[in-house]
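Everything below concerns the one structure shown next.
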Amino acid sequence: MHGYVGSGKSAISQEVCDTSERQDRPVASFFFFRNAGDRSKIWRLAATLASQMADVIPETEPFVRAAVKAKPALLRQDETGVSLQSRMRCLVYAPFRAAVQREAALRASTRLGGPSEGATTLAALAKGPFLIVLDGLDECDNKDEVQELIDGMLTFFDDNPFIPLRVFITSRVEQHIRSHLDVPGVRLDNLVDHCSDDDIVTFLDVLFKNETRRNPVIRAYISEHGEWPSPKDRRKLVKHIGGSFIFASTVLKFIMSIADSGSSATPMDRLPLALKMNPGLDGLYTQTLARSERRPHFPDIISTIALLEVPLPMSGIAELLGISTYEVVNVLMNLQAIIQVPGTDDIPVTLFHTSLRDFLTTQSRSGRFFAHPRQHVRLFLRCLQCELVHRQHEVESLTNRSQRKPAAVYALRNSVAHLNQGSGLFEPAEFDSAIQLCRETLGLYPDAPELIQSLGRVTLYRARRTGSLVDLEETISLNREALKLRSFPHPDRSLSLNNLGNALRDRYQRTTTAADPR
């Protein structure tokens with residue numbers, strides 16, 4: 001099922017899962033979400049589905065365990081030689097097929113007069129096939145692996161046409177997905193064909209009633225002036241929304257949001273403004289963001305939220321940027337129409353919809369709110385600073401691994417992603433600062449290969465930017481040192497080999513000599 005942004009695809013996927021569970025029908029699901037850590041990484045898919053499958057169809061569990069025992073690499077991230085198709089085949093398809101075939105053989109044996117002991121049916125399938133729900137497949141980071149997933153799935157169904165398994169996929173209209181699914185045996189459905197203004201009317205009625213019950217200002221207005229919104233304004237709003245549930249939801253949040261300290265606007269005042277917004281979400285995003293743009297640190301906070309590899313709580317964002325938590329709260333409180341601001345600090349700040357990230361990272365759409373890629377440079381430097389502080393505390397025995405703050409955990413896991421994305425945008429002084437921070441951290445743990453490797457990455461990028469052979473030679477030396485500390489069969493040895501190979505290749509291209517020793 002495909003549809004445009006905000007047409008309700010994820011809501012339908014969630015309802016399909018909930019309905020299946022209420023009806024005791026076996027279901028497993030994976031909801032992809034861009035820039036949300038593991039939820040945007042397809043390598044987690046097979047293990048997640050296998051775990052859920054073993055829970056709802058217990059007969060599959062022994063086969064899953066046997067597959068993992070035979071090949072532990074199936075559960076490891078980006079393990080060399082283990083393709084996505086292999087993960088899905090070994091952890092999901094084969095265990096499910098084996099359980100079904102085993103039960104079929106036992107039933108056949110019973111009918112032929114063989115032993116009946118243990119001859120049971122798969123009770124979980126009594127009310128229908130096993131259903132796998134894959135929501136937001138377009139939000140997976142790797143398009144090639146999405147195509148690999150689809151190809152493997154189609155091959156499995158070609159080989160097993162009567163298997164009691166169904167897969168429900170939702171995504172935006174993406175050519176790399178639709179073209180692979182436009183084959184016999186797959187039903188393509190456009191959600192637009194099923195949406196109507198009546199659905200939006202019902203949706204708005206429920207939201208307006210809920211807000212009226214909670215908001216004394218609205219109740220007082222209705223008591224004095226009668227129905228609000230008026231039937232005419234409701235019709236205008238429905239027409240303006242144009243069938244987009246995410247737009248409808250966000251418009252309602254904008255209308256009902258609490259007025260900031262510099263405004264006395266009520267929901268009744270904001271309704272006419274909502275009706276004047278440009279259709280679609282861009283106008284709404286612009287108008288909502290404008291409410292906080294004059295507040296301190298607004299550009300850094302918004303750009304950081306847009307560019308983070310994994311969402312952070314408000315205290316984590318503050319620590320990463322080197323500001324106070326209250327300053328993050330001050331910016332975000334006016335933006336709750338488009339950003340999910342949690343009530344407690346152990347829950348990450350998230351976007352209501354990934355279209356906001358698309359908006360913020362596309363300059364032609366966001367204009368002055370554009371999250372410039374140079375913010376990756378600042379985030380990388382701040383990651384290095386957070387890591388240095390954390391390592392210093394470790395050395396001083398002031399903290400341990402279980403006490404790591406969110407920003408420190410984020411820095412340790414994601415700094416390299418910001419370096420890679422901002423590598424071509426560093427100023428010379430920023431390279432100097434990064435190298436100094438890496439050296440200080442390495443001084444605390446001189447035999448830590450990951451810290452040696454981190455310094456090697458920065459010197460390599462500076463060498464590529466400046467043409468410095470001195471930096472390049474240091475990069476090679478650092479990567480050789482890291483490789484020695486990762487002797488076979490260290491799981492990251494291949495990464496060290498790759499880094500050393502890249503540095504040697506750069507030197508060869510620079511000096512036009514093939515005399516590099518091993």
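Consider just the alpha-carbon atoms of the chain and return their Rg together with their Dmax, both in angstrom.
27.4, 88
What share of Cα pairs, in percent, lie more than 24 angstrom apart in the range 237-370?
27 percent
For ALA290 and LYS276, compute 0.36 nm times the residue count separating them, minus their Cα-Cα distance, and round to one decimal in nm.
Result for the pair: 3.5 nm of gain on full extension.
Going by the alpha-carbon gyration tensor, a ≥ b ≥ c the square roots of its eigenvalues, is the range 429-476 rounded (a/c under 1.5) or, if a/c is not under 1.5, prolate (a/b greater than b/c) versus oblate?
oblate
Which percent of the Cα-Cα distances in the range 313-448 go past 19 Å?
59 percent
Does a label point 7 Å from the Cα of SER86, set along Cα-to-beta-carbon, have any residues of the range 468-510 with amide nitrogen under 15 Å, and which are they?
Correct set: none at all.
Multiplying the sequence separation of ARG368 and ASP141 by 0.36 nm and subtracting their Cα-Cα distance, what value in nm do you get?
79.1 nm
Roughly what would the spin-label model give for GLN175 and LEU425, points 7 Å off Cα along C-beta, in nm?
About 2.7 nm, to one decimal.
What relative contact order, as a whole-number percentage, does the range 277-379 give when Cα pairs under 8 Å and 6 or more residues apart are counted?
For the range 277-379, the relative contact order is 31 percent.
Hey, if you drop one equal point scatterer on each alpha-carbon of the range 1-109 and run the Debye formula without solvent, what base-10 log of I(q)/I(0) do you get at q = 0.10 Å⁻¹?
Result of the Debye calculation: -0.36.
Please give, to one decimal in nm, the separation of the simple spin-label points placed at GLU440 and VAL416, each 7 Å out from Cα toward the Cβ.
Roughly 2.3 nm, to one decimal.
Taking only protein heavy atoms and a 1.4 Å probe, what accessible area per residue, in Å², does the chain have with all protein chains in place?
Value for the chain: 50 Å² per residue.
Put a dot 7 Å past each Cα toward the Cβ at PHE162 and GLU211; how far apart are the dots in nm?
5.6 nm
Using a Förster distance of 51 angstrom, determine the FRET efficiency expected from the C-beta separation of ALA220 and HIS194, and round it to 0.05.
Computed FRET efficiency for ALA220 and HIS194 comes out at 0.85.
Quick one: length gained pulling GLN340 to GLU450 fully straight, 0.36 nm per residue minus the C-alpha distance?
36.2 nm
Mind jotting down the three principal axis lengths of the range 318-388 based on Cα atoms? Whole angstrom, largest first.
Taking the Cα atoms of the range 318-388, the three principal extents are 37, 30, 18 Å.
Taking amide H positions as placed 1.01 Å from N in the peptide plane, with prolines and chain starts having none, which residues 5 or more places from VAL167, or on another chain, fall under 5 Å of its amide H?
It is ILE132, by chain and number.
FRET efficiency for ARG107 and LYS127, Cβ-Cβ distance as r, R0 = 30 Å, nearest 0.05?
0.95
Can you grab the distance from the C-alpha centre of the range 64-108 to the C-alpha centre of the range 263-325, Å, no decimals?
Computed from Cα coordinates, the inter-centre distance equals 45 Å.
How would you order 370-379, 467-476, 207-216, 89-98 from highest to lowest mean count of nearby Cβ atoms within 10 Å?
Per-residue mean Cβ counts within 10 Å order the peptides as 89-98, 370-379, 467-476, 207-216.
Quick check on the chain: helices-only [θ] at 222 nm, where DSSP H runs of length 4 and up contribute -39,500 (n - 2.57) each and the sum goes over total residues. Nearest 500, please.
Taking each H run of at least 4 residues, the total per residue is -18000 deg cm²/dmol.
Could you tell me what percent of the DSSP beta bridges with both partners in the chain are antiparallel, to the nearest 5?
15 percent
Over the chain, how many pairs of lysines fall under 28 Å by alpha carbon, counting only those 8 or more apart in sequence or from different chains?
26
Mean Kyte-Doolittle hydropathy of -1.0 or higher plus an axial Cα length of 18 Å or more: which whole DSSP H helices in the chain meet both?
9-22, 94-111, 143-159, 197-214, 375-395, 406-422, 428-444, 449-466, 469-484
State the volume of the convex hull built on the alpha-carbon positions of the range 157-238, expressed per residue in Å³ and rounded to an integer.
For the range 157-238, the hull spanned by Cα atoms encloses 151 Å³ per residue.
Quick check on the range 402-502: what are the equivalent-ellipsoid semi-axes from the Cα gyration tensor, as sqrt(5λ), descending, whole Å?
21, 19, 12
Under the definition of Cα pairs under 8 Å and six or more residues apart, what whole-number percent is the relative contact order of the chain?
For the chain, the relative contact order is 11 percent.
The values are calculated or read from the model by the stated rules, or taken from the named source; none is laboratory data. Note that this is a predicted model, so its numbers are computed, not measured. Cβ: placed from backbone, ideal geometry, glycine included. Neighbour counts: every protein chain shown. Just so you know, the surface numbers come from the protein's heavy atoms only, side chains and all, with ligands and any DNA or RNA stripped out. Shrake-Rupley method; radii C 1.70, N 1.55, O 1.52, S 1.80 Å.
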